[in-house]
Structures are given as structure tokens and as C-alpha cells.
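Asker: The structure follows.
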Amino acid sequence: KRHLVWFRNDLRVDDHPALSHACASKDDAVVAIYFYCAKQFAAHDVGRNQQYLIQKALSNLSQSLEQLNIKLIILTSDDFASSIDRLSQVIDDLAITDLHLNIEYAYNERQRDKQACQVLSNKTNCHRYVADSLVAPWDVLSKQGTPFKVFTPFSKAVYEAMDKSPIHPLSMPTARAKENLNAFQTVSNSDLDEVKPTAKFCPDISENNVHKQLADFVDDSIIDYKKDRDFPAIPGTSQISPALAIGSVSIRRCYEFARAKRGEGAKTWIKELIWRDFYRSVMWHFPYVARGQGFLPVDKKIHWNRSEDDFEKWCAGSTGVPIVDSAMRQLLTTGWMHNRLRMVVASFLCKNLWIDWRWGERFFAQHLYDFDYASNNGGWQWSASIGTDAAPYFRVFNPVSQAERFDPDAEFIRKWIEPLQSLPSKAIHQFEQKPLPNYPSCMVDIKDSRKKAIEQFKVAKESE
Ligand code: FAD
């Protein structure tokens, strides 16, 4: 048999079901392929930061596969549709008998895979595997067999499913015989146009490093995770998200690292991993959310503010609200933002500036190293109160009290906003009362805009 492993958002050799199954018989020939679809990235708003990370991961993957005597063919292709045509050609050229792929949950990816398997099934056997969630979305349903719409019962069902069928990540397959490397020489790699990141820093997402990062986090920090995770000045979270987003580590491996630890910290961290599964489940069962629609119908009734000027200020970190601006500057400089701050800036954009959550979602996609369609969409919809948040729409984050609570000494704010470095924290937190030197005054009245947002929401709800 001749097996082809189709890599996509799963750029690793560890715990990779498609690769492991392709390598199950030691005598079969195995080759791997990846399609770099630049126009598809643009259509999905995947920014330069994440594209750069993918290019790095591809180079790491190519080396790891070479050590297993497996060749990685990298081909360029405009979009998903044309990648299927090229895949079909490669299958013919290399006389592939079996195609292996890990299932992806987002809408366009699902359509692509469905179409690929339909088109190719007359010439090759298509094998699909669950790899990108702790439990497959179709296996987490209520007693009535319906998908969950809120997190808490969903998470209970995930714990139950994991108790029933414990997770065992797969180890890297053993190396093929040397001849396997040269068994497929007819297709040569395309040259990728090198992408430069916009951020100043770039995370190391090589598999070895990520496993070490996880081990260090679990050994040193997970114990305090519950206590520290909301304070952006403390490096209390794992920062594993960029590796998870491009698949250089598997979610099941992350879970395996934490499962061995007892205590509230590990429990809370695992709960966060389940949030990732939750948004995948929402995307799977309610695919309209991936087509620009809100989870709740009230989204259609809202008339958002379409001020480009206001949006620009938010993007640049010049709103005059120190906690919002410091967070946006962290994003622009590092390509990552702390979870607490993602909620704060998203709430500020949607509720205080009344700007369409889709604008913020897009900006995050364009800048985050860890951009993940389901989590980003879920996080934005949650923040705009048109998603799966169990709390009512009138719960609006107050950026002043959020800063006082989660950055009490303004340590994080000072790190990112130079003109505020010598000011006492009290003055920084009281920016509304007294303008801060060399810093813009607040672009909006926080209390008034909150009140207006709630009123507008009420009107939208009543018109449903
Ligand atoms: P940790 O606290 O160490 O958590 C471990 C892992 O659990 C994370 O890497 C992530 O995979 C998962 N996780 C944690 N919190 C969440 C959550 N609320 N939702 C879903 N998964 C979670 N996460 C992304 O991976 N990509 C995104 O594009 C993204 N966009 C977001 C946009 C908004 C508006 C909001 C509010 C949240 C978004 N998140 C996103 C979720 C969360 O902010 C990040 O996963 C987290 O900050 C990553 O840092 P970490 O790896 O240190 O997390």
C-alpha cells in the first residue's frame, strides 16, 4: 500500500492519528503533503504573524518527518478548491492507495474535506480521524441528543465522556526504512514566499520546546493557575495557545500533561482546555456562526456604530483608557494578549464604542499568533453578548474596575505605556477624573456609553 498523510492545522508528529495510522504497517510506503493556500489565508484574515508561524512549523515538521524517513511535499495553491485538484493529481502521480487526514471543525475546512473525500473516493481510500478536541463534538450531546448551548453542562458531559473513554495520546511513529524517503520523488516542493511577522517577538513552537514549556508550566506554575491566571502582570498562564493554534502540540497531549497533577490549579486549567472544545462544538453544531452571524438572533437587530476613526483608535491602543491601550499594545508588539484583557478590550469595543464585534474579531485574526477561528469567534460573540454567554447582556465590563482589580499596581499598564511609567497607580486608575500627561484623554464617557449600550440592546431585543 502507498499512504498519503494530508497535513493542515496539525503540524506535528506527536499524537497525530493520521500519521500514526498511515505508519501502522512497517512495510507500507508513506509520504506527507501540505498545501500552502495564500489566498485562503487572506480570505480567512490569517495575518502575517500566524502565517510566519506556520512557515516555521512547516520547516520543523519537514525535518521531524525526514528523521522518520518520510518526505513532506509542500505545494502552493490559491485556495481550498484548487488544493483538492492538485491533491487529486498527486494521488494519481504517486499511485496513492490511502489518504489520511485529521478532521477540522470550522465551516470552510469541513466543506473542503467533504468535497475532497467525495471527489477522491473513487481512486483512494479516505481515512479521517479525531485529533483536534478532547472529545469529538458529535459525542458531547445532552440526554435529549441535542448540542449544548452553554458551557457548564457541556463541560460536565466532556468529563463524563473522558471518564468513559480515557484519553491516550499517541506517540510519534517509529522511523520507516530508509528507502521510504526516496519512494516518492516525482513531486518537488514549491518555494514559499517568505512572510515577515508584524510582531517584534515570535514564540518557539518547535515540538520539543513546546513539550518542555508544558512540562515547566505543569511543574512550576499550574499550582497557582487558579489564583494568578487573571492578572496580566503575572506570567501565570501557559502561553501554549500559538502552538495549539497551528497544531504543533495536540490538545490531548496538553490534557495528558495536566491530568497527572492534582489540585485546583490543574483542574481550572483543564476547564480552560474544555472551553476550546466548547467553541469547536458550537462551530460544528451551529455552523452559521462561522459565516458572520451571531449565535443569538438578536445580533441581526443591532445597528452598530460604523466609525472608522473610533475603531482606528482602539486598534492603535490610543483610546485613552490605560488598561485597553496597554492590552492593544501588547497585542501589536507580541502577537499575543492575556485572556482577561481580551475580554476587557472586546467589551470596550462592542459595548462602550458600540462597534461591530466582527471588526474586532477580524483585527484579532490579523494579529494573533494564536488565532483560532472557533475560539476567536466564540470569544468575540461571548463578549458582545450575542453568543453563548450565560450572563445577560446588561453585564458590561467596566474597564476602570477591571484595571483596579486585575492590575492594582498598574504594573502591566506601565510596562506598555511609556508616558505613564512614572505615575502612581492611583493617578493612572483615576484617568477619567484628571487627564494624564502625554496621554490621550478618554475617547468616550464610560458610564454614559455603558448605559446607552444597555438601552440599545433592550431595543434590539424588543424588536426580535
Ligand atoms: P491558558 O490560560 O494557559 O489556557 C490553556 C489553553 O486553554 C489555551 O491555550 C486555549 O487553547 C484554551 N483556552 C483558555 N481559555 C480559553 C477560552 N476562553 N476560550 C477558548 N479556549 C481557551 N484563544 C485562542 O487560542 N485563539 C484565539 O484566536 C482566541 N481569541 C479570543 C478572543 C477573545 C475576544 C477572547 C475573550 C478570548 C480568545 N481566546 C482565543 C481565548 C483565550 O484568551 C486564549 O486561549 C488564551 O488567552 C491563550 O493563552 P494561554 O495559552 O496562556 O492560556
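Any read-out appearing in this document is the output of simple, stated calculations on the displayed coordinates, not a laboratory observation. The structure displayed is predicted, hence computed values, not measured ones. Glycine also receives a Cβ, built like all others from the backbone with ideal geometry; neighbour counts cover every protein chain displayed.
Asker: Counting only helical runs of four or more DSSP H residues, what would the 222 nm mean residue ellipticity of the chain come to if each run contributes -39,500 (n - 2.57) and the total is spread over all its residues?
Answerer: Details: 20 runs with 214 residues, N = 464.
Result for the chain: -14000 deg cm²/dmol, rounded to the nearest 500.
Asker: Shifting gears a bit: Under the 0.36 nm per residue contour assumption, what length would be gained going from the current alpha-carbon distance of K114 and D204 to full extension? Don't skip to the answer; put the middle values down first.
Answerer: Numbers: separation 90, 0.36 × 90 = 32.40 nm, distance 3.32 nm.
Result for the pair: 29.1 nm of gain on full extension.
Asker: For segment 276-283, in order, what is each residue's ³J(HN,Hα) by Karplus, 6.51 cos²θ - 1.76 cosθ + 1.60 with θ = phi - 60°, in whole Hz (x at glycine and Pro)?
Answerer: Values, residue by residue: 4, 4, 4, 5, 5, 5, 4, 5 Hz.
Asker: Next question. Using per-residue counts of other Cβ atoms within 10 Å, averaged over each peptide, order 1-13, 170-182 from highest down. Walk me through the numbers before you get to the answer.
Answerer: Values: 1-13: 22.8, 170-182: 14.0.
My ranking of the peptides, most packed first, is 1-13, 170-182.
Asker: Return the distance in nm (one decimal) between the two label points of a simple spin-label model at A390 and S171, each offset 7 Å from Cα along Cα→Cβ.
Answerer: So the two model labels end up 4.1 nm from each other.
Asker: Additional query: Computed FRET efficiency, Cβ-Cβ of E308 and A43, R0 25 Å: what is it to the nearest 0.05? Could the numbers behind the result be given before it?
Answerer: Details: r = 22 Å, r/R0 = 0.87.
So, using R0 = 25 Å, E works out to roughly 0.70.
Asker: Looking only at the chain, where both bridge partners belong to it, what percent of the DSSP beta bridges are antiparallel (to the nearest 5)? Before the final figure, lay out the partial values.
Answerer: Values: 0 of 21 bridges.
DSSP beta bridges in the chain are roughly 0 percent antiparallel.
Asker: Placing one identical point scatterer on every Cα of the chain and ignoring solvent, what is log10 I(q)/I(0) from the Debye formula at q = 0.06, 0.09, 0.11 Å⁻¹?
Answerer: Summing over Cα pairs of the chain leads to -0.28, -0.63, -0.93.
Asker: Apply the Karplus parameterisation 6.51 cos²θ - 1.76 cosθ + 1.60, with θ equal to phi minus 60°, to every residue of segment 231-242 and state each ³J(HN,Hα) to the nearest whole Hz, in sequence, with x for glycine and proline.
Answerer: For segment 231-242, the Karplus curve yields 9, x, 6, 9, x, x, 10, 6, 6, 8, 4, x Hz.
Asker: Pull out the extension gain between D193 and D224, defined as 0.36 nm times the separation in residues minus the alpha carbon to alpha carbon distance; nm, one decimal.
Answerer: Numbers: separation 31, 0.36 × 31 = 11.16 nm, distance 4.27 nm.
Length gained, D193 through D224: 6.9 nm.
Asker: Give me the distance in nm between label points sitting 7 Å out from Cα along the Cα-to-Cβ direction at K261 and N438, one decimal.
Answerer: About 4.0 nm, to one decimal.
Asker: Go through 232-244, 372-384 and give me the packing order, highest mean Cβ count within 10 Å leading. Show your work: numbers first, answer last.
Answerer: Values: 232-244: 21.1, 372-384: 23.9.
Order by mean packing, descending: 372-384, 232-244.
Asker: With +1 on the Cβ of every Lys and Arg and -1 on the Cβ of every Asp and Glu, and nothing else charged, how large is the dipole of the chain about its Cα centre, in debye rounded to the nearest 20?
Answerer: Details: 59 positive and 58 negative charges, 196 e Å.
Charge dipole, the chain, about its Cα centre: 940 debye, nearest 20.
Asker: Taking R0 as 51 Å, what's the FRET efficiency between D216 and D78 from their Cβ-Cβ distance, rounded to 0.05?
Answerer: Numbers: r = 41 Å, r/R0 = 0.80.
Between D216 and D78 the formula returns 0.80.
Asker: Need the full-extension length gain, K447 to T152, defined as separation in residues times 0.36 nm minus the C-alpha distance. One decimal, nm. Walk me through the intermediate numbers first.
Answerer: On the way: separation 295, 0.36 × 295 = 106.20 nm, distance 3.11 nm.
Length difference between fully extended and current span is 103.1 nm.
Asker: A further question on this structure: Under the rule that a partner needs its Cβ under 4.7 Å from the first Cβ, which Cys of the chain have none?
Answerer: Flagged as lacking a Cys partner: C23, C37, C202, C254, C315, C350, C442.
Asker: So, one more: Starting from the Cα of K1, draw a straight line to each of the aspartates and glutamates and keep only those under 15 Å, dropping any in the same chain fewer than 8 residues away.
Answerer: Output for K1: D27, D28, D92, D93, D98, E179.
Asker: Work out the charge dipole of segment 291-462 with +1 on the Cβ of Lys and Arg and -1 on the Cβ of Asp and Glu about the Cα centre, then indicate which of V321, V400, G387 is farthest towards its positive end.
Answerer: Going by the charge dipole, the pick is G387.
Asker: Let me ask something else about it. Explain nothing, just compute: Karplus ³J(HN,Hα) = 6.51 cos²θ - 1.76 cosθ + 1.60, θ = phi - 60°, for every residue of segment 16-27 in order, whole Hz, x for Gly and Pro.
Answerer: Running phi through 6.51 cos²θ - 1.76 cosθ + 1.60 with θ = phi - 60° gives 10, x, 4, 5, 4, 5, 4, 8, 4, 9, 6, 8 Hz.
Asker: If I histogram all Cα-Cα distances within segment 366-419 using bins 10 Å wide from 0, what percent of pairs lands in each bin?
Answerer: Taking all Cα pairs of segment 366-419, the binned fractions are 20, 30, 42, 8 percent.
Asker: Still on this structure: For the ranges 419-431, 27-39, what's the packing order if you count other beta-carbon atoms within 10 Å of each residue, average per peptide, and put the highest first? Please report the intermediate quantities before stating the final value.
Answerer: Working: 419-431: 15.6, 27-39: 20.1.
Answer by packing, highest mean first, reads 27-39, 419-431.
Asker: Neighbouring Cβ atoms within 10 Å as the yardstick, rank E432, E418 fewest first. All intermediate terms of the calculation are to be shown ahead of the outcome.
Answerer: Details: E432 15, E418 11.
Starting with the residue having the fewest Cβ neighbours, the order is E418, E432.
Asker: Determine which lysines satisfy two conditions relative to K415: a Cα distance under 28 Å, and not lying fewer than 8 residues away in the same chain.
Answerer: K196, K200, K212, K226, K227, K313, K351, K426, K434, K447
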